[in-house]
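Participant: Got a structure for you, written out below as structure tokens; questions coming shortly.
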Amino acid sequence: MKDRLSCSVIIEPESAGFPNVYKVMVGSIVPRPIAFVSTVSPQGIYNLAPFSFFTAASMNPPVVCFCPLRNSHGRPKDTLNNIERAGDFVVNIVSEEFVEQMNMTSAEFPPEVDEFQISGLTPVASDLVKAPRVKESHVSMECKLFRLFEISDRPSGGSIVTGEIVRLHVDDAYIDNYRIDPEKLKAVGRMAGATYVRTADRFDLARP
């Protein structure tokens, strides 16, 4: 309904329904960075999936978090199941040159499917965790599970997965004095629907 004083649309989540609230959230919480998360199942099957509910959560210790949503039937993602069992994962940063392969892994595959094979991307053994890294990624973060919070077990309900970074792998051509060159990294972000965004248009503001 509309607020007559401000001419804004007022949305009540319960009456609007979660699919419509989701549209508003992903259309306004933008751009969102992408966690390209690699895991391994107890059977040794690799899993690879992108998540755009992703951010840094702490610097000391260094912790990242992402939020996998359950599917339309309320079942958890393979990524979440693998992390709960293995206790680790890798966050790989997505660059423009392999965004098409990343998109291939966003389909819902059964647990026995290896998305590395589907996408043609290359698994590389990590140093400190069981989950593999993506060779094509210029920045990869080996993470040990820190905390896991289930928010809802309903369809499209989410969990918050936090992981402590125990090792970073950065392409040496992309880093200087611990600073990543964004012009070389060419990271991509997520908008709503099928729309993505490049990080080429940037500007600086001095902190007050």
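No value in this document is a laboratory result; all are computed from the given coordinates. This one's a predicted model, so the numbers in the text were calculated from it and none came from an experiment. FYI the Cβ positions are ideal-geometry reconstructions off the backbone, even for glycines, and counts take in every protein chain you see.
Participant: Please enumerate, by chain and number, the aspartates and glutamates with C-alpha under 17 Å from the C-alpha of K184, excluding those fewer than 8 residues away in the same chain.
Facilitator: The reachable aspartates and glutamates, counting only those whose Cα sits under 17 Å from K184, are E96, E97, E136, D171, D172, D176, D201.
Participant: Mind running the shape call on region 54-109? Use the C-alpha gyration tensor, a ≥ b ≥ c as the square roots of the eigenvalues: rounded below 1.5 for a/c, prolate if a/b tops b/c, oblate otherwise.
Facilitator: In terms of gyration-tensor shape, oblate.
Participant: What's the Kirkwood radius of the chain in Å, using all Cα pairs?
Facilitator: It is 18.3 Å.
Participant: Let me ask another. Less than 19 Å apart at the alpha-carbon level, and either on another chain or at least 8 residues along: which aspartates and glutamates does that give for K77?
Facilitator: Answer for K77, where 19 Å is the Cα cut-off: D88, E108, E112, D114, E115, E150, D153, listed by chain and number.
Participant: Could you pull out every one of the lysines with an alpha carbon less than 17 Å from that of K186, ignoring same-chain neighbours closer than 8 positions?
Facilitator: Straight-distance partners of K186: K135.
Participant: Just to be sure I understand the model, the point goes 7 Å from the Cα along the line to the Cβ. What's the resulting A192 to Q117 distance in nm?
Facilitator: About 3.8 nm separates the two model spin labels.
Participant: Another question, if that's okay. For region 107-115, what does the Karplus curve 6.51 cos²θ - 1.76 cosθ + 1.60, with θ = phi - 60°, yield as ³J(HN,Hα) per residue in whole Hz, taken in order and with x for Gly and Pro?
Facilitator: For region 107-115, the Karplus-derived couplings read 5, 8, 9, x, x, 7, 8, 8, 5 Hz, x marking Gly and Pro.
Participant: Taking the highest mean first, how do the peptides 176-182, 136-142 order by number of other beta carbon atoms within 10 angstrom per residue?
Facilitator: Final packing ranking: 136-142, 176-182.
Participant: Name the long-range amide H neighbours of R75: under 5 Å, sequence gap of 5 or more, or other chain; modelled H, no Pro or chain starts.
Facilitator: Residues meeting the amide H criterion: none.
Participant: Calculated FRET efficiency, D204 and A57, Cβ-Cβ r, R0 30 Å, to nearest 0.05?
Facilitator: My answer for the efficiency is 0.75.
Participant: Using the count of nearby Cβ atoms within 10 Å as a rough guide to exposure, how do I93, I45 rank from fewest to most?
Facilitator: I45, I93
Participant: Now for a different question. Amide H neighbours of F36 under 5 Å, counting only residues 5+ apart in sequence or on other chains, H built in-plane at 1.01 Å?
Facilitator: Close amide H contacts, sequence-distant or interchain: F51, N92, V94.
Participant: While we're on this one: 222 nm [θ] for the chain, helices only, -39500 (n - 2.57) per DSSP H run of 4+, per residue, to 500?
Facilitator: Result for the chain, helices only: -4500 deg cm²/dmol.
Participant: Right, something else. Pop out the ³J(HN,Hα) list for region 161-173 in order, Karplus 6.51 cos²θ - 1.76 cosθ + 1.60 with θ = phi - 60°, rounded to Hz; leave Gly and Pro as x.
Facilitator: Here the 3J(HN,Hα) series is 9, 10, x, 7, 6, 9, 7, 10, 10, 10, 4, 5, 7 Hz.
Participant: Report the calculated FRET efficiency for A125 and E183 (r = Cβ-Cβ distance, R0 = 25 Å), to the nearest 0.05.
Facilitator: 0.25
Participant: For a footprinting-style exposure proxy, rank F51, F149, F36, F18 by other Cβ within 10 Å, fewest first.
Facilitator: With the sparsest Cβ surroundings first, the list reads F149, F18, F51, F36.
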